[in-house]
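Each remark here refers to the structure printed beneath this line.
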Amino acid sequence: MLSFFNDQNQHHSSSRRQFLQMGTLGLAGLTLADLLRAEAQSGILKSNKSIINVHLDGGPPHMDMIDLKPEAPAEIRGEFLPVSTNVTGVQLCELLPRMAAQADQFALIRSLVGSAGAHDAFQCQSGFRKKDLASTGGRPALGSVVSKLRSSPADRTPLFVDLMQGRGLVRNSARPGFLGPSFQPFRPDLSDLFERQLEKGMQSELKRLGTDHQVSLKLNPTLSLQRLENRTTLLAELDTIRSRVDSSGMMDAMERFSQQAVSILTSGRLADALDLSLEDPATLARYTPANHSEVPRFYTSEGPQAVKKFLLARRLVEAGVRCVSLSISDFDTHSSNFDRLRQLLPIVDHGLTALISDLEERGMLDDVTIVAWGEFGRTPRINSKKGGRDHWPRVGPAILAGGGMRTGQVIGATDRTASAVKERPVHYKDVFATLYHNLGIDPHAVTIEDPHGRPQYLLDAGTRIPELV
C-alpha cells in the first residue's frame, strides 16, 4: 500500500503490488535522484550494448554438459551419451539437443579456472572473490558498474535488473560493493529491508524539499512467473499512482532529478517489460516447453516454467535495461546428479536456444552478450553412496553467445577425466574483460573511486578472450 498524507491529514492510497516492488529500484530511498544528477554532469554517453548473465546455481557439472568423456571409466563418464553438433568435431550432452543443433551460435569454454570454491554467485557477477576490498565494502558487480558509468536522466528503466530468485545462498550475489546501495540492482522480489530503506529515504527527500507530505509503503516481497503472466490491473494502477503523486503536489516540490527518479518508477516501461501477457502468444509459446505439465519437479524448485525467465530477460533488454541477471537453480547435485540433470538441462537447453533465436530475429543478437556459468564445476568421480557429484573448483564450464563474438568454437580442454585443465585456461576475470569489451568499456583503463577516494580499475587482471573478439 502506498499512502500520501497532506497537511490536512487527507489520506490517499492505492494498492499496487508490482509498482511498489519496483519502487525501490534496489536503492536506499530516492538516492536515484543523486545518481541521475551526477551522471548528467559527467556527460557519459549511452550504449545499447547489453549483458544477460545466466547463473547455473549450485555449480554445473562440466563433464555432463559440454565436456563429456565417453572413454573414461563408468564412475567418471556418468550416464549420458555425447551427441554430435552442427560444428564439426564438437559434441554435447544428449540432453542438450537444441544447443547441439545451434552449436555454431555458442562459444563453449571447457577450461574455466579461478573459482573461489564457495556457493556465492558474486564471482559470476564481478570476476572477483567476495573478500576482495572487503574493508571498503567489496568490489561491485558488473551491473552496478554499468549503472554507475552509463545511467543518465533520459533513462526510463533501471540499467541493472536482477532476477536471481534462486536459493538463499546465492540470491543476494549481485552486490554493489563499495559503490553503495544507490547502485544495487532493481529486484522484483524485494525484501523488507528495502521497504524500510525506501520509506526512510522518501521521508528524508520530502523533508529536504520542504513539503508537508508524508509517505508510507508496504511492499510485497515475492514475485512469481505466474504473477508476471497475470496482467490484472497493472497499468491502471500505475496511472492511478501517477495521478495521485501529481495531485499531492509532491512532484512540483521536487527538483528535476528527483522528478526523473519518480518518472522511472511510474513510466510503465519496466512494468510492461515484466508483464508477459503483453508478449505475442507465438513468441511466448517458443519459451514454453511442450511437455511442461508432464515433467515432475522432485528435484527442481522452479520447474520448466523457469524457461520464461529467458523471455523476461529479452523483454527487459528491449526496454532499455543494460544488464540482466537470472538464475536456474538446483545444480548443487551432491545426490541424484543424473535424475536432477534430466530435468535441469532441458530448461537450460530450451531457454538459451529460444533466447538466441529470438534476439537474432529481432536484430539484437550482436548487441546482447549472453553468458551462462556457475560458481565451480563438479567432481569427475561420482560419489558412490548418493550418485552425485561434489564441488570441484579446479575447473568448470562457461557458455557464451551473441555480442558479435566469434562463436561455433570450443576454447580450452581438460584431461581425460575432466579433472584439470590441460590447455588454454580461462579465468573468470578473462570472461569479464570480454564482457566489458563488448559493452565498449576498457576495464583496465576506466576507474571508479572507492569510499577512500582511491581510484580502482574495473579489473585488476584478466584479458579479453582473443578467440572471441
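Data for the structure
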{"read-out": "Amide H within-cut-off set for residue 411, under 5 Å, with H built and near neighbours excluded", "value": "108, 109, 110"}
{"read-out": "Table column - 3J(HN,Hα) (Hz), the stretch 88-103, Karplus curve with 6.51, -1.76, 1.60, x for Gly and Pro", "value": "4, x, 9, 10, 10, 5, 4, 7, 10, x, 5, 5, 4, 6, 10, 4"}
{"read-out": "Label-point gap, in nm, between residue 360 and residue 423 - each point 7 angstrom along Cα→Cβ", "value": "2.7 nm"}
{"read-out": "Kirkwood estimate for the stretch 407-469, i.e. one over the average of 1/r between Cα atoms, Å", "value": "13.5 Å"}
{"read-out": "Per-peptide average of other Cβ atoms within 10 Å, ordering 119-129, 362-372, 79-89 highest first", "value": "119-129, 362-372, 79-89"}
{"read-out": "In Hz, Karplus ³J(HN,Hα) per residue of the stretch 327-343 (6.51, -1.76, 1.60; θ = phi - 60°; x = Gly, Pro)", "value": "10, 10, 8, 6, 8, 7, 8, 5, 9, 6, 3, 6, 5, 5, 5, 4, 9"}
{"read-out": "For the stretch 359-436, radius of gyration divided by Kirkwood radius, i.e. Rg to Rh on alpha-carbons", "value": "1.07"}
{"read-out": "Alpha-carbon Rg/Rh ratio, for the stretch 69-189, with Rh computed the Kirkwood way", "value": "1.10"}
{"read-out": "Ranked packing of 375-384, 423-432, 408-417, most packed first, by mean Cβ within 10 Å", "value": "375-384, 423-432, 408-417"}
{"read-out": "Long-range HN-HN contacts of residue 90 with modeled amide H, under 5 Å", "value": "85"}
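No lab work stands behind these numbers, since they all come straight from the coordinates. The structure displayed is predicted, hence computed values, not measured ones. Neighbour counts run over all protein chains shown; Cβ positions are idealised from the backbone, glycine included.
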